[in-house]
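Structure incoming, see below.
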Amino acid sequence: DTRVDIKVVLLGKEYVGKTALVERFLHERFVTGHTYQSTIGAAYGSRRINTSNNLPVVLGIWDTAGSERYESMARIYYRGAGAAVICYDITDAVSLERAKFWTRELQKYEDRCKLYFCGCKRDLAEADPTCRQVGEEEVVVFAESIGGRAFETSSKTGENIDRLFRQIADDFSAEPSLLSNTFGGSVGTAGPANSGHSFSLHRGGGSNRIGGARGGTGGSSRCPCSN
């Protein structure tokens, strides 16, 4: 079964923790270490989950590259997305500005796409409140002002990650007409013919298995980082 009900795209500045978020959701793991693998182009994975009403829904998830040099490629992957998880690092104020950039992009080009803001690395702020550069309430207010939702997550502990993706599934199951019921698919629709727990990094015409999540480093964050 290669059905994908909801195409979900992850957007955000590099190093904020997008790949670690997906690794935790798909594989329930957090890979630590000093090796950081930047996403090139986009990576794809899918998972079947049950909504709060016990309806099975398949999420097809595109993890896009965060570097600005791949910005034009990200536009290819968010085309036709039903939901966007716009990620930022709560220990990096600049990453929130980048999240707002992607918000404007989606409002302009994919105005039917539902928006979910994800503040990554919550565990860092809990361990050391001085690390926090983005207030949770600030993002909640912003998200609500444009009809979106906001969450803070930790890929290290798993906090709120299932809650985030289950909320996406619940929102779409409440409006059955939004479910795509796309089989197979392409970049412009739901995703490649993958099912279950899969995650591949696509480079050029082929695909390479991801060797590990973004762990251990945190890019520009001033705190010892998890993703």
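Please treat every number below as a calculation from the coordinates, not as lab data. The model shown is predicted, which means the values in this text are computed figures rather than measured ones. FYI the Cβ positions are ideal-geometry reconstructions off the backbone, even for glycines, and counts take in every protein chain you see.
Take each of the peptides 125-138, 14-27, 44-57, 142-155, average the number of other beta-carbon atoms within 10 Å over its residues, and list them starting from the highest.
Going from most to least packed, we get 14-27, 142-155, 44-57, 125-138.
At a 10 angstrom cut-off on C-beta neighbours, averaged per residue, how do the peptides 105-112, 94-101 rank from highest to lowest?
Descending packing order for the listed peptides: 94-101, 105-112.
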